[in-house]
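Reading through the structure tokens given below for one structure.
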Amino acid sequence: MNRPFYEFTLKEAIGVAREGGLREILRALRDRIQALQPKINAFVRYDFDQDLSAVSSQSVVAGVPLAVKDNICIRGKETTCASKILKGHTPPYDAAVIERLKAAGATILGQCNMDEFAFGSSCETSSFGPTRNPWDTTRVPGGSSGGSAAAVAADMAIAALGSDTGGSIRQPASLCGVVGLKPTYGRVSRYGLIAFGSSFDQIGPLTKTVEDSAILMNVLAGHDPRDSTSAMQPVPDYTKSLVCDVRDLRIGLPAEYFVEGLDREVDKSVRAAAETFRKLGATIKTIRLPHTPYSVAVYYIVAVAEASSNLGRFDGVQYGLRIPTKEIREMYFETRDEGFGVEAKRRILLGTFVLSAGYYEAYYRKGQKVRTLIRKDFYEAFEEVDLILTPTSPTPAFKIGEKANDPLAMYLSDIFTIPVNLSGIPAISIPCGFTSSGLPIGMQLAARPFQEELIFRAAYTFEQETGIYKTKPKL
Amino acid sequence: MSYESVIGLEVHVQLGTKSKLFCPCSTEFGAEPNRHTCPVCLGWPGSLPVLNEEALRLAIKVGLALNCHIAERLKFDRKNYFYPDLPKAYQISQYDMPVNSKGWLMIQMRDENGGVHQKKIGITRAHLEEDAGKLLHEEVPDGTLVDYNRAGIPLLEIVSEPDLSSPEEAYEYLVSLKAILQYLEVSDCDMEKGRLRCDANVSVRKSGEVKLGTKTEIKNLNSFRAVQKALAYEIRRQTEILDSKGRVVQETRLWNEDRGQTFSMRSKEEAHDYRYFPEPDLVPFTISRQTVEDIRRTLPELPAERVERFKKDYGLGEYDALVLVQDRKSAHYYEECVREKVSPKMASNWIQSELMALLKLHKAAIENSPVGPKDLAGLIRLIENNTISGKIAKDVLPIMFETRKSAEDIIKEKNWVQVTDTRLIEEIADRILAANPQSVATFKAGKKQALGHLVGQIMKETQGKANPKLVNEILLKKIAKS
Amino acid sequence: MEFNIDRIAELARLNLKSGEKEKLEKDLESILGYVKKLESLETSQVEPTSHVLDLENVFRPDTVKSTEIQEEVLEHAPSRHAKFFKVPKVVEKE
């Protein structure tokens, strides 16, 4: 039986495009998106009217259409972070990753829904309405890159880009049963990514397979002189790491991640994955990351402080929404009050408070210090092990609305992904099983800075061994 | 009751880089509004800053010239506030790890008796930051216009210790600082183009009191003289308040040049809380001691060193040397002139008096003077070799300004060559002595000023061209013989 | 509670007029209560982390490059006048 083109992996689609099948892929995706968009709401904008005349079938991506999160600037295309305050905002420049995708011959098919300004873990705070989980449309896809994850899971996109500040690629990848990589901080240029937490943000791929993730990382990674925090390290060919062999690897399971609050089925699935690695020859050991319980607190001080400052520029002066007033001071209040959703206001207020006079030392500086302790935990653990294996999210996808009124409960759903951003290390989420009700479960593999290759090798080995990725949601 | 004032100055100087502090936009002045902008200096979402290496180098250069400690490690911080000239709603500045700290500069104050004494003024810090855009309030009736060409231009904010105790000292501090910055060629310090700006902090306290009084900050100071005048006004205002047992309000006041007064800004703005925190988009910087020494080697001769050299090499007095040196271009002019082997003392006098007056009259800058240093030296040489008198020379210089002819050509044309022909002067002297026996008698009787009358007669006869020294000698000789 | 929502909202230029204030105040107090757990950690000897990478001294050379986006951004602005951005009156003059 012939699989429809939209089900193809990036690797497969590139093969088809090289043989002249690009238009057919595009058509298949158009039909798929038009059929599913009302149900899933994965996109905020798409454009099927692509000019393919300049596409070289010999380029790296051979014109294969991709989707990007709505916080990555595309020259001449509306880019809004799913926020009312940026309605109509059209950047006059391409983000570095967009330049790289274009140079590699990719077609940008559409922009994916997200939590407003990437503030959220459920994709419910978007001004375009919530995205739904393709495995169960009464549930959230995770967030903030929920649109990207849902689009890939529902075969509405061959692959997509997301951004990850505290788990925004990995947690939705986990909840939607796809592969999501947060690269080492500095590996992918942030130039053109509308900032949330500047010392945390990284762009990364959401894909159907580990191989696709490696293919995209070959395009995305590399030094960019326009980003002062862009790393100079040479970029390896990540597809060379796609080898089924984990015999030399030491994998650690941090005791602090398998505690109360962790869903029993998730716990079981991730432990089973560890057992699979052991069977394949890896060494499994329990490690300690003692400052883990402080991660969420640190994150909601430091990242949110940066966010409050980064979002000051949305003031109605140069771009986006402006509520006209007689006097400038009122314009700021009216515009920002009207333009930001409630979660954005919550974080702006929190970030403003922790930086304000009299509280900076007790909150912001304290948070930065504990961030040091959390980083140190990881560096010490990596003396003993090469990779750290954890659940990506403590629970599978939750119901839409379930945590919407309890911000703290929502924040705690990123408890396993946040420490990775606090440390700047790379980590992937790949599917490792399903709950009894058929919801995907994801596991997270983290490595030392710039050791994405180890992550790819272990993830690829597991994926090829188990074949979990072949199961698709029924839509 | 006697009071003393305590003054500190904050000077913002634009560093003379070609491109902005964090992006490659041009720093050229006078472009069409918003022409020199890009996503970075407009603060567009997603854009990121990268530090201009030259800006840091120039900042260190100034730090060294101001005897500052150059930080081993520095970082940038965000200063958060909302204002339409600030595109990102934060300014990238330096908070607790400035590039330069703990320096000083010397100011020279003229004593009442014409001498000069020095005073050391501390520099608290000099840090790098980006400039904001420009707001135009008066162009349209229903709004304010914004031009971001200036946004992101590199500034060095130089903060003095409150070591200045009078408006005159504040003025001299600015003159000295400007001279250093110009010698370093880091800025032309053109206040009209906003390349040097100054805010002043001033408080007044009873003489002898240790505790500082409440200070006010004065803004909108458009010239060094304005700083001096505004401070004098503000000190008077604060003193009157204290005299009448009132309280000085800590506030920002604007100087109104036309009315010669400061006015409260009366802003309803809440107390500032800038929420400084380390700029995550820029990495930290370390400055090796080797780099500092390399930059130190590029420092030119600075004003203080040049004053000493002028005193030593040219025999100038402290004051003359200072006046010439404080403006780098006049110092250069002077040295070019002296290089022609004319008397350094005469060159100094001629530049400071006659040349400066004519430049002022013609509204010309010294570097564009119609009479160049070599031309002036030509004129001085004619005085030195007795071709013309100093008096005639004063008539020649304005003609040089007008016609751009050499002094030599002018005196030839005008037939102003000094008469040094002894026989001719003797002939005239004989005639004059014969016609004025009375004067001769008076002189011989001891009234020395009678000689002046005789000299005057000879000068009249020669249309002022006789060498006065020669005339004197000949007259005395002839009277003695008679 | 030390958290004064009016002062913070003023600093952040938010007026929270659509009845959000009470709910946000409660949320923020609960989050700040949670964050308090950091107080139990002794950190007097710990250096703060501002950057996770050991990068330093990242510069650009002092060269001019023109982007030519002036007309594009002015065209896109909420309000312009000639080649200027235009905003409501800034009243902070004497």
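The values are calculated or read from the model by the stated rules, or taken from the named source; none is laboratory data. Computed from a predicted structure; not experimentally measured. Every residue, glycine among them, receives a Cβ derived from its backbone with ideal geometry; neighbour counts consider all protein chains shown.
Conditions (1) touching a helix residue (DSSP H, G or I) at 6+ places or on another chain (Cβ under 7 Å); (2) over 14 Å from A:I108 (Cβ atoms); (3) away from chain C (no Cβ under 14 Å), marked per residue:
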{"residue": "A:S57", "(1), (2), (3)": "yes, yes, yes"}
{"residue": "A:A62", "(1), (2), (3)": "yes, yes, yes"}
{"residue": "A:K69", "(1), (2), (3)": "yes, no, yes"}
{"residue": "A:T90", "(1), (2), (3)": "yes, yes, no"}
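Kindly provide the set of residues from the stretch A:313-326 that are under 13 Å from B:Y90 (Cβ atoms) and surrounded by fewer than 24 Cβ atoms within 10 Å (Cβ to Cβ), ordered by number.
Matches in the stretch A:313-326: A:R313 only.
Which of the residues spanning the stretch B:412-423 are in a helix (DSSP H, G or I) and either of a type in the set (D, E) or under 10 Å from B:L470 (Cβ atoms) (or both)?
If the condition is that a residue be in a helix (DSSP H, G or I) and either of a type in the set (D, E) or under 10 Å from B:L470 (Cβ atoms) (or both), then B:E413, B:T422 are the ones that fit.
Among the residues of the stretch A:204-224, are any outside any strand (DSSP E or B), within 13 Å of another protein chain (Cβ to nearest Cβ), surrounded by fewer than 24 Cβ atoms within 10 Å (Cβ to Cβ) and not aromatic (F, W, Y)?
We begin by selecting, within the stretch A:204-224, every residue outside any strand (DSSP E or B); these are A:208-220, A:222-224.
Then keep just the ones that are within 13 Å of another protein chain (Cβ to nearest Cβ); that gives A:223-224.
Narrowing further to those that are surrounded by fewer than 24 Cβ atoms within 10 Å (Cβ to Cβ): A:223-224.
Now restrict to residues that are not aromatic (F, W, Y): A:223-224.
Yes, the stretch A:204-224 has at least one match.
Looking at B:V175, B:V186, can you tell me which residue is under 29 Å from B:T298 (Cα atoms), under 21 Å from the mean Cα position of the chain (by Cα) and within 13 Å of another protein chain (Cβ to nearest Cβ)?
That would be B:V186, the only listed residue that is under 29 Å from B:T298 (Cα atoms), under 21 Å from the mean Cα position of the chain (by Cα) and within 13 Å of another protein chain (Cβ to nearest Cβ).
Here is a check on your reading of the model: is A:A151 touching a residue at least 40 places away in the same chain (Cβ under 8 Å) and within 23 Å of A:K84 (Cβ to Cβ)?
yes
Which numbered condition in (1) surrounded by fewer than 17 Cβ atoms within 10 Å (Cβ to Cβ); (2) outside any helix (DSSP H, G or I); (3) of a type outside the set (V, I, T) is the only one that B:D273 fails?
For B:D273, the exception is condition (1).
Quick one: which residue in B:P280, B:P284 is in contact with a His (Cβ under 8 Å, 6 or more places away or on another chain), at pLDDT 95 or above and either surrounded by 21 or more Cβ atoms within 10 Å (Cβ to Cβ) or more than 14 Å from chain A (Cβ to nearest Cβ) (or both)?
Working: B:P284 fails: either surrounded by 21 or more Cβ atoms within 10 Å (Cβ to Cβ) or more than 14 Å from chain A (Cβ to nearest Cβ) (or both).
Sole residue among the options that is in contact with a His (Cβ under 8 Å, 6 or more places away or on another chain), at pLDDT 95 or above and either surrounded by 21 or more Cβ atoms within 10 Å (Cβ to Cβ) or more than 14 Å from chain A (Cβ to nearest Cβ) (or both): B:P280.
Could you list, in sequence order, all residues of the stretch B:79-112 that are modelled with pLDDT under 95 and more than 16 Å from B:L322 (Cβ to Cβ)?
B:E112
Has the stretch A:440-455 got at least one residue that is part of a helix (DSSP H, G or I), at pLDDT below 95 and crowded, with 20+ Cβ neighbours inside 10 Å?
No: zero hits.
Taking helices (runs of 4 or more DSSP H) that do not extend beyond the stretch A:321-426, which have at least 1 residues that are within 7 Å of chain C (Cβ to nearest Cβ) and modelled with pLDDT of 95 or more?
Result: A:328-339, A:342-355, A:366-384, A:418-423.
I'd like to verify a number: residues in the stretch A:55-75 that are within 14 Å of A:A17 (Cβ to Cβ) and surrounded by fewer than 21 Cβ atoms within 10 Å (Cβ to Cβ), how many?
Residues that pass the stated criteria total 6.
Just wondering, is there one or more residues in the stretch A:260-276 that are modelled with pLDDT of 95 or more, closer than 30 Å to A:E124 by Cα and touching a His at 6+ places or on another chain (Cβ under 9 Å)?
The answer is no; no qualifying residue exists.
Keeping to the stretch C:34-64, report how many residues are farther than 30 Å from B:T17 by Cβ and polar (S, T, N, Q).
Counting residues in the stretch C:34-64 that are farther than 30 Å from B:T17 by Cβ and polar (S, T, N, Q) gives 5.
Suppose the filter is surrounded by fewer than 24 Cβ atoms within 10 Å (Cβ to Cβ), of a type in the set (A, V, I, L, M), touching a residue at least 40 places away in the same chain (Cβ under 8 Å) and over 25 Å from A:D212 (Cβ atoms); does A:A409 pass it?
No; evaluated as a whole, the condition is false for this residue.
Check every one of the helices (runs of 4 or more DSSP H) wholly within chain C and list those with 3 or more residues that are more than 7 Å from every other protein chain (Cβ to nearest Cβ) and surrounded by 13 or more Cβ atoms within 10 Å (Cβ to Cβ).
Correct list: C:21-35.
So, B:S343, is that one assigned by TED's automatic domain parsing to the domain that holds B:L164, surrounded by fewer than 20 Cβ atoms within 10 Å (Cβ to Cβ) and either closer than 23 Å to B:A170 by Cα or not acidic (D, E) (or both) or not?
No; evaluated as a whole, the condition is false for this residue.
Out of (1) more than 14 Å from every other protein chain (Cβ to nearest Cβ); (2) within 25 Å of the chain's Cα centre (by Cα); (3) under 26 Å from A:K369 (Cα atoms), the odd one out for A:A273 is which?
Looking at each condition in turn, A:A273 falls short on (3).
Identify, from the list B:L358, B:L322, B:L379, B:L282, the residue that is in a loop (DSSP other than H, G, I, E, B) and in contact (Cβ under 8 Å) with a residue 12 or more places away in the chain.
B:L282
Checking B:I218 against (1) surrounded by fewer than 20 Cβ atoms within 10 Å (Cβ to Cβ); (2) out of contact with any Gly (no Cβ under 7 Å at 6 or more places or on another chain); (3) under 20 Å from B:S264 (Cα atoms): exactly one of these is not met. Which one?
Among (1) surrounded by fewer than 20 Cβ atoms within 10 Å (Cβ to Cβ); (2) out of contact with any Gly (no Cβ under 7 Å at 6 or more places or on another chain); (3) under 20 Å from B:S264 (Cα atoms), the lone unmet condition for B:I218 is (1).
Could you please find all residues in the stretch B:9-25 being part of a strand (DSSP E or B) and buried (at least 22 other Cβ atoms within 10 Å of the Cβ)?
Residues satisfying the conditions are B:L9, B:V11, B:V13, B:Q14, B:S19.
Does at least one position in the stretch A:264-271 carry a residue that is in contact with a helix residue (DSSP H, G or I) (Cβ under 8 Å, 6 or more places away or on another chain) and in contact (Cβ under 8 Å) with a residue 24 or more places away in the chain?
For the stretch A:264-271, residues in contact with a helix residue (DSSP H, G or I) (Cβ under 8 Å, 6 or more places away or on another chain) and in contact (Cβ under 8 Å) with a residue 24 or more places away in the chain: absent.
Those residues that are assigned to a loop (DSSP other than H, G, I, E, B), under 28 Å from A:T138 (Cα atoms) and under 22 Å from the mean Cα position of the chain (by Cα), I need them from the stretch A:37-84; list them, please.
The answer is A:N41, A:A42, A:D70, A:N71, A:T79, A:T80, A:C81, A:A82, A:S83.
What strands (runs of 3 or more DSSP E) completely inside the stretch B:142-230 contain at least 1 residues that are among the small types (G, A, S)? Give the derivation first.
On the way: elements: B:144-147, B:154-160, B:196-206, B:216-221.
So the answer is B:154-160, B:196-206.
Out of all the residues in the stretch B:415-452, which are over 53 Å from the mean Cα position of the chain (by Cα) and of a type in the set (A, V, I, L, M, F, W, C)?
Matches in the stretch B:415-452: B:L433, B:A434, B:A435, B:V440, B:A441, B:A445.
Residues that are out of contact with any helix residue (DSSP H, G or I) (no Cβ under 8 Å at 6 or more places or on another chain) and closer than 26 Å to B:R35 by Cβ: find the strands (runs of 3 or more DSSP E) completely inside the stretch B:73-141 holding 1 or more of those.
Numbers: elements: B:77-80, B:90-93, B:100-110, B:116-130, B:134-136.
Correct list: B:90-93, B:116-130, B:134-136.
When you go through B:R35, B:R57 one by one, which is the residue that is surrounded by fewer than 21 Cβ atoms within 10 Å (Cβ to Cβ) and assigned to a helix (DSSP H, G or I)?
Values: B:R35 fails: assigned to a helix (DSSP H, G or I).
The unique qualifying residue is B:R57.
Has the stretch A:7-21 got at least one residue that is of a type in the set (S, T, Y), more than 30 Å from A:A195 (Cβ to Cβ) and surrounded by fewer than 24 Cβ atoms within 10 Å (Cβ to Cβ)?
Yes, because at least one residue in the stretch A:7-21 is of a type in the set (S, T, Y), more than 30 Å from A:A195 (Cβ to Cβ) and surrounded by fewer than 24 Cβ atoms within 10 Å (Cβ to Cβ).
What is the number of the single condition among (1) crowded, with 17+ Cβ neighbours inside 10 Å; (2) under 23 Å from the mean Cα position of the chain (by Cα); (3) more than 30 Å from B:E335 (Cα to Cα); (4) of a type in the set (G, A, S) that B:G260 does not meet?
(1)
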